[in-house]
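Asks: Before we start, here is the structure in question, set down as structure tokens.
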Amino acid sequence: MSHHKNNSLKSLAAAALAAAVLAACGSSPPAQFYTLSAPSANVGAVRAQGPQTFIEVMPVAVPDRLARPQLVVRSDAAKLDVLEQERWSSPFNNELRDALASGVAARLGAIDVSRSGRPADQASYRINVELRDMDAVRNDKVQASFGWTVTRSDDRKSAVCRMTVVEPVSGGSAGDVVLAMQKAVGNVADAIAANVRALQTGQGAQCAG
């Protein structure tokens, strides 16, 4: 009888432990996923008359601390917080490439042929971007420094630019930080698109800042 009782007690203890583990797992907030690509309705570009424009946006180099799926924010001068439950829909370097590619394409009415390849008889504009640094601070600002080159495939003319963008963060949520990042990336897409337009017309490309 006591042997049966001991087994029953062990079974109850195991069941209680399993319930506690499930309760702890259930109490964890679900991960939230974000994208750097702003809604296309906010761009409002119309394709210019003339030949179709093709762009090739290469993989974007980012600082190692940012090359991860989680959002990274600065809490003070020496500390960075990796937000485990606040994540990009893909690793940050991929998000940034895709956001720039879609942003520049929308502004120019262009086709991004980075993955498919351009037609052999058409010029394209190869865009290489480096994110040199980015700091995101809740209730403060996002500050990011970019460098890039745009090279025309047929005559090898190019533009080389650097730009630092600052966007205010209006609140303390991850969504507020992401919105400021989207605006910063949009400013860079504006500048890159302007470089492509200048190269299309044979003008010297001007850096925005």
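Asks: Could you point to the residue in Val142, Leu199, Met163 farthest towards the positive end of the range 136-204's charge dipole, with +1 and -1 charges on the Cβ of Lys/Arg and Asp/Glu respectively?
Replies: Highest projection toward the positive end goes to Leu199.
Asks: Once the Cα gyration tensor of the range 71-114 is found, what semi-axes does its equivalent ellipsoid get, as square roots of 5 times the eigenvalues, in whole Å, sorted largest first?
Replies: They are 30, 12, 7 Å, listed from largest to smallest.
Asks: Let me ask something additional. List every residue whose amide H lies under 5 Å from the amide H of Val60, counting only residues 5 or more places away in sequence or on a different chain, with H placed 1.01 Å from N in the peptide plane.
Replies: Here the answer is Arg97, since their amide H atoms fall under 5 Å of that of Val60.
Asks: Could you work out the local net charge near Ala198, counting Lys and Arg as +1, Asp and Glu as -1, over the other residues with Cβ closer than 14 Å to its Cβ?
Replies: Net local charge, Ala198 excluded: +2.
Asks: Using 18 Å as the cut-off for backbone N distance, which residues of the range 113-148 belong to the label zone defined by a point 7 Å from the Cα of Arg162 along Cα→Cβ?
Replies: Under cut-off, by backbone N: 128-135, 143-148.
Asks: Label 7 Å along Cα→Cβ of Gln32; the range 76-114 residues with amide nitrogen under 18 Å?
Replies: Only 81-90, 92 pass the distance filter.
Asks: Next up: Where the only charges are on Cβ atoms (+1 Lys, Arg; -1 Asp, Glu), what is the dipole of the range 70-187 about its Cα centre, to the nearest 20 debye?
Replies: 420
Bear in mind these aren't lab numbers, they're just calculated from the coordinates by the rules spelled out. The shown structure was predicted, so the numbers you read here are calculated from the model rather than taken from an experiment. Every residue, glycine among them, receives a Cβ derived from its backbone with ideal geometry; neighbour counts consider all protein chains shown.
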